[in-house]
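Have a look at the structure below, then the notes.
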Amino acid sequence: MKWRENAGCISYDPELFFPSGGAEGTAKQEMFALSICRDCTVVLHCLKYALTARKEVGIWGGKTEKERREITKEWQKRTGQTKQTGIQFTEEFYSEISTYV
Ligand code: SF4
């Protein structure tokens, strides 16, 4: 994935993007990681990758785990997809992905 060469997080410890532990420390870590994503030039590529690859853990594409779950649920609802049918992100979704960041 060539976009990763331009990742804003490339010079940071990857663990920063996987907050865990105490609530306050986690929130601070999460906010710091998200601030790096905000300035990232490949944020859309990253979010698309994370959603398509079903990355459930960590911060990807400037979104927390919870935020990505909400995006997925919203898309499922709009398209009538269920866990049983599987979740497919279409070109329509990808063309609108910038509205999520
Ligand atoms: S959006 Fe965030 S996690 Fe994704 S490449 Fe950029 S800095 Fe890294």
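What follows is calculated from the coordinates using simple rules that are stated; it is not laboratory data. As the structure is a prediction and not an experimental result, all values here were calculated from the model. With ideal geometry, Cβ positions are generated from the backbone for all residues, glycine too; neighbour counts draw on all protein chains shown.
Residue by residue, here is whether (1) buried (at least 17 other Cβ atoms within 10 Å of the Cβ); (2) part of a helix (DSSP H, G or I) holds:
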| site | (1), (2) |
| --- | --- |
| Pro19 | yes, no |
| Glu24 | no, yes |
| His45 | yes, yes |
| Tyr49 | no, yes |
| Arg54 | no, no |
| Arg69 | no, yes |
| Gln84 | no, no |
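Taking the range 15-66 on its own, how many of its residues are free of Cβ contacts under 8 Å to residues at least 12 places away in the same chain, over 28 Å from Glu92 (Cβ atoms) and small (Gly, Ala, Ser)? Matching residues across the range 15-66 total 7.
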